[in-house]
Structures are given as C-alpha cells and as structure tokens.
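Engineer: Can you keep this structure in mind? I'll have questions shortly.
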Amino acid sequence: MDGLQREATARLAEVDAAVARVAEGRYGICESCGGRIASGRLEVRPTATFCVTCASRPVRR
Ligand SMILES: [Zn+2]
C-alpha cells in the first residue's frame, strides 16, 4: 500500500467513525471531556473527536 492509499484508508475510517457517532447521537461531543466541540472546529475538521481544549492538551493515559 502506498502513502496515498494509506491516507485514503485512514480518512475513510475517520468518516466511518464520525457517521457512527452521528447514529449514536454523540457527534460533536468531545470523547475526552464530554463537552461540545465548537461548530467552527467541526467545519474545519468534520471528523474531530476532541474539543479544541482536549486536542491541544498533551495526551495522558
Ligand atoms: Zn474536550
């Protein structure tokens, strides 16, 4: 698989996940803090799963 195919596959997976969140009524809800993701951010990145605050915070597990 070349880089372009890999990127297309990853993007498809993101869109699939976004569609699943719409079906579950969780679209636009941050997966980290449960807050609403700003609509401006969703316009830029419709598949965003974190709000701006959580996305800009270093990931901690
Ligand atoms: Zn958040």
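Engineer: How much length would be gained if the chain were fully extended between VAL15 and GLU43, taking 0.36 nm per residue of separation minus their Cα-Cα distance, in nm to one decimal?
Structural biologist: Going from the current span to full extension adds 8.7 nm.
Engineer: Can you tell me the dipole magnitude for the chain around its Cα centre, using point charges on the Cβ only (Lys, Arg +1; Asp, Glu -1), in Debye to the nearest 20?
Structural biologist: 340
Engineer: To the nearest 0.05, what FRET efficiency results for ALA23 and SER56 with a Förster distance of 25 Å applied to their C-beta separation?
Structural biologist: The formula returns an efficiency of 0.35 here.
Engineer: Show me, for segment 18-24, the HN-Hα J-couplings you get by feeding each phi into the Karplus relation (A = 6.51, B = -1.76, C = 1.60, θ = phi - 60°), rounded to Hz, glycine and proline as x.
Structural biologist: Values, residue by residue: 5, 4, 5, 5, 4, 4, 8 Hz.
Engineer: In percent, how large is the relative contact order of the chain, given Cα pairs closer than 8 Å and 6 or more residues apart?
Structural biologist: That works out to 26 percent.
Engineer: In terms of modelled amide H atoms, which long-range or inter-chain residues lie less than 5 Å from the amide H of ILE37?
Structural biologist: ILE29, CYS30
Engineer: Taking all pairs of different Cα atoms in the chain, averaging 1/r and flipping that mean, what Kirkwood radius in angstroms comes out?
Structural biologist: It is 12.5 Å.
Here, each number is a calculation from the coordinates, and none is a lab measurement. Worth saying up front: this structure is predicted, and the values here are computed from it rather than measured. A quick note on method: Cβ atoms are made from the backbone with ideal geometry, for glycine too, and the neighbour counts reach across all protein chains shown.
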